[in-house]
Amino acid sequence: MKRHFMICVENHGYEASLETRKIYEVLTDKTAEKHHQIRVIDESGEDYLYPEKYFAPVRLPLFTKEKLELTTV
């Protein structure tokens with residue numbers, strides 16, 4: 001499964017679980033997407049559903065992906 005990340009831009013109601021301006025790993029969940037939610041590995045280390053509007057896409061440079069072992073070289 002391809003790993004991807006998004007940055008938290010809002011955390012209203014989820015202050016203990018999400019930090020704004022922090023990058024989180026996102027898991028693919030087609031059912032959640034139909035309900036405008038995304039599955040995020042939050043501060044607890046577990047994955048939970050959050051409103052998709054609380055996150056924005058982030059594009060990591062190849063160098064960063066390699067360091068995080070997100071790509072094969």
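Each value in this text was obtained by applying a stated rule to the coordinates, not by laboratory testing. Predicted model only: the values in this text are computed from it and were never measured. No Cβ is skipped: glycine too gets one built from the backbone with ideal geometry, and neighbour counts run over all protein chains shown.
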query: Normalised by the residues of the chain, what does the relative contact order come to in percent, with Cα pairs under 8 Å and at least six apart?
result: 29
task: List the longest stretch of the chain that has no exposed loop site; here a site is one of the trypsin sites (Lys or Arg not before Pro) assigned by DSSP to anything other than H, G, I, E or B, with at most 16 other Cβ within 10 Å.
output: 23-58
- request: Using Rg/Rh (Cα atoms, Kirkwood Rh) as the read-out, say which of (i) 0.94; (ii) 0.98; (iii) 1.05 was calculated from these coordinates.
  value: (ii)
- line: Label model pair Thr28, Tyr48: point-to-point distance (7 angstrom along the Cα→beta-carbon line) in nm is 2.5
- line: Lys pairs in the chain with Cα under 23 Å (8 or more apart in sequence, or on separate chains) total 11
